[in-house]
There are 2 protein chains.
Amino acid sequence: MKKAYVHGYDHRENIRLQDQASTLVELLHSDTKYPAGSRVLEAGCGVGAQTITLAKNSPGALITSIDISETSLVEARRKTAEAGLTNVYFEQADIFNLPYVEDSFDHIFVCFVLEHLSRPVEALNTLKDYLKEGGTITVIEGDHGSAYFYPKSEDAHKAIQCLVELQRRACGNAMIGRELYPLLNQAGFKSVRVSPRMVYVDSSKPQLVDGFTKKTFTAMIEGVRESAIKSGIIEQSVFDQGIQDLYRTAEADGVFCYTFFKAIGNK
Amino acid sequence: MKKAYVHGYDHRENIRLQDQASTLVELLHSDTKYPAGSRVLEAGCGVGAQTITLAKNSPGALITSIDISETSLVEARRKTAEAGLTNVYFEQADIFNLPYVEDSFDHIFVCFVLEHLSRPVEALNTLKDYLKEGGTITVIEGDHGSAYFYPKSEDAHKAIQCLVELQRRACGNAMIGRELYPLLNQAGFKSVRVSPRMVYVDSSKPQLVDGFTKKTFTAMIEGVRESAIKSGIIEQSVFDQGIQDLYRTAEADGVFCYTFFKAIGNK
């Protein structure tokens, strides 16, 4: 499945994904711990931003992390080795054509992947085949429609909408977080439970102001500036004002809200 | 301060406020408990929807609940008596002209009130005068800009926007939740801490589907149907479709999200 990855693959993007991962680790991952000896498939590991946390949280689990991009895997392997982690095996593979035996994993972990797929239910359904009976799937996704802030700004919403639109054109869905419950149910998982992970940022939390509002969210929107303007979906002045307004929410009286969704389902 | 109360004062509205209160009690109020003997002012108690919980959670506290509407107070008194609560004293009073001595309350509690005021910072500032040094203020507000759902619907957002607009015309702010941090700071409170209380509803939680999505939120939007259409801010067909789409989010594959904000500050 070839697909334009809306966030790009450059070095600056790697740094952004890393900043994001370290700020959000607690909020998103602290309750994901797999037992020693269990076989875990991380589907779509990218540059390994989540892999490190996954492997650290479950030191006894045997983790197989796959991604369709060999370039990303090189970086993921490097980072994992650097962190001294030895319980992760990386492999280049396509979610829709996995080189594994069915019913072979105890748990599957999918983070920030479904948003980029044109057929998320089929992806989940395919992954289910590789899960043992009674095993769990954990899915984490953001939702760009969950972003709101103070001071309010129409331009900021328009700039965010550019990423949503570009992701839609690449057959993805940047507002998929809210849909995890129906998606996992449609894919045939049982006992689906979803918990929202809301990031609330005001200036009493300088680390989040810097690590999330500025370096994660606003940097991500800024990252599509060129493609958004080039594609004609927004005027440059509006986009730039929107970005300025997003940075404005990081000031002393500003507030920024965003919600991730974490879903768990059983086979 | 005379002000049109956008939700109205009829019996059906009382029932809605009561439904809302019982569904959300845990989420909003479980961490508000005042010590025995402390004097608490509830500013803007309305029909007493929150008063019952407040009084039950802090049985030893001496609660003074005021509201500008005598009609609402009659209902609030009735309900409190019915619940057998004896630690609440009701009084008709205006937040901007309180009949109390300054520095006389240990704690102040303000829930779903600021959204209806044209001068929320001045209201907070005035209330602060009646708070003892070191005392706390607790403020709870919703934010209608925090509502999003699946399936997505532009019409539903337009219907919600009607309430926002009507409240704006009545000099209120239906999206005030996100602003609590700057508002309390501007009013001079110290150590302001805000925690969002997100209501996430999918069909695995039938009580919330019924009690929140349908009977609280959608019923509230439906409640402004006549005024919204009469004022010409929306076409009847769009409003009705919006309401239908909100009810649609209460079906088996639907999801509904809304966030309240709770802020605490010290004098």
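The values are calculated or read from the model by the stated rules, or taken from the named source; none is laboratory data. Here the structure is a predicted model, which means the values were calculated and not measured. FYI the Cβ positions are ideal-geometry reconstructions off the backbone, even for glycines, and counts take in every protein chain you see. Each accessible area value is taken on the protein alone, full model and side chains, heavy atoms only, with ligands, DNA and RNA left out. Shrake-Rupley method; radii C 1.70, N 1.55, O 1.52, S 1.80 Å.
Here are the numbers for this structure:
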quantity	calculated
Test: B:Val224 is hydrophobic (A, V, I, L, M, F, W, C) and open to solvent by 30 Å² or more (accessible area, probe 1.4 Å)	no
Which numbered condition A:Val199 misses (of (1) crowded, with 19+ Cβ neighbours inside 10 Å; (2) assigned to a helix (DSSP H, G or I))	(2)
Residue match in the range A:137-158 (condition: surrounded by 24 or more Cβ atoms within 10 Å (Cβ to Cβ), among the acidic types (Asp, Glu), more than 8 Å from chain B (Cβ to nearest Cβ) and closer than 25 Å to A:Glu42 by Cα)	yes
Pairs with Cβ under 8 Å, 6+ apart, first in the range A:92-116 and open to solvent by 40 Å² or more (accessible area, probe 1.4 Å), second among the small types (Gly, Ala, Ser)	A:Gln92/A:Ser69; A:Phe96/A:Ala123; A:Pro99/A:Ala93
Residue within the range B:166-183 that is away from chain A (no Cβ under 14 Å), assigned to a helix (DSSP H, G or I) and crowded, with 18+ Cβ neighbours inside 10 Å present	yes
Positions within the range B:123-165 being in a helix (DSSP H, G or I), touching a residue at least 40 places away in the same chain (Cβ under 8 Å) and among the charged types (D, E, K, R), in sequence order	B:Lys128, B:Asp155, B:Lys158, B:Glu165
Test for B:Ser204: is it free of Cβ contacts under 8 Å to residues at least 24 places away in the same chain, polar (S, T, N, Q) and open to solvent by 10 Å² or more (accessible area, probe 1.4 Å)	yes
Matching residues in the range B:210-226 - criterion: being modelled with pLDDT of 95 or more and in a helix (DSSP H, G or I)	B:Thr213, B:Lys214, B:Phe217, B:Thr218, B:Ala219, B:Met220, B:Ile221, B:Glu222, B:Arg225, B:Glu226
B:Ile233, sole failed condition from (1) in a loop (DSSP other than H, G, I, E, B); (2) out of contact with any helix residue (DSSP H, G or I) (no Cβ under 6 Å at 6 or more places or on another chain)	(2)
Number of the exception - B:Ile264 against (1) in contact with a Lys or Arg (Cβ under 9 Å, 6 or more places away or on another chain); (2) open to solvent by 40 Å² or more (accessible area, probe 1.4 Å); (3) in a helix (DSSP H, G or I)	(3)
Matching residues, the range B:200-210, being within 9 Å of another protein chain (Cβ to nearest Cβ) and in contact with a strand residue (DSSP E or B) (Cβ under 7 Å, 6 or more places away or on another chain)	B:Tyr200, B:Asp202, B:Ser204
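Each row is one residue, and each column tells you yes or no for (1) without any contact (Cβ under 8 Å) to a residue 12 or more places away in the chain; (2) outside any loop (DSSP other than H, G, I, E, B); (3) open to solvent by 90 Å² or more (accessible area, probe 1.4 Å).
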{"site": "A:Lys56", "(1), (2), (3)": "no, yes, yes"}
{"site": "A:Pro59", "(1), (2), (3)": "no, no, yes"}
{"site": "A:Ser65", "(1), (2), (3)": "no, yes, no"}
{"site": "A:Val74", "(1), (2), (3)": "yes, yes, no"}
{"site": "A:Lys79", "(1), (2), (3)": "no, yes, no"}
{"site": "A:Phe90", "(1), (2), (3)": "no, yes, no"}
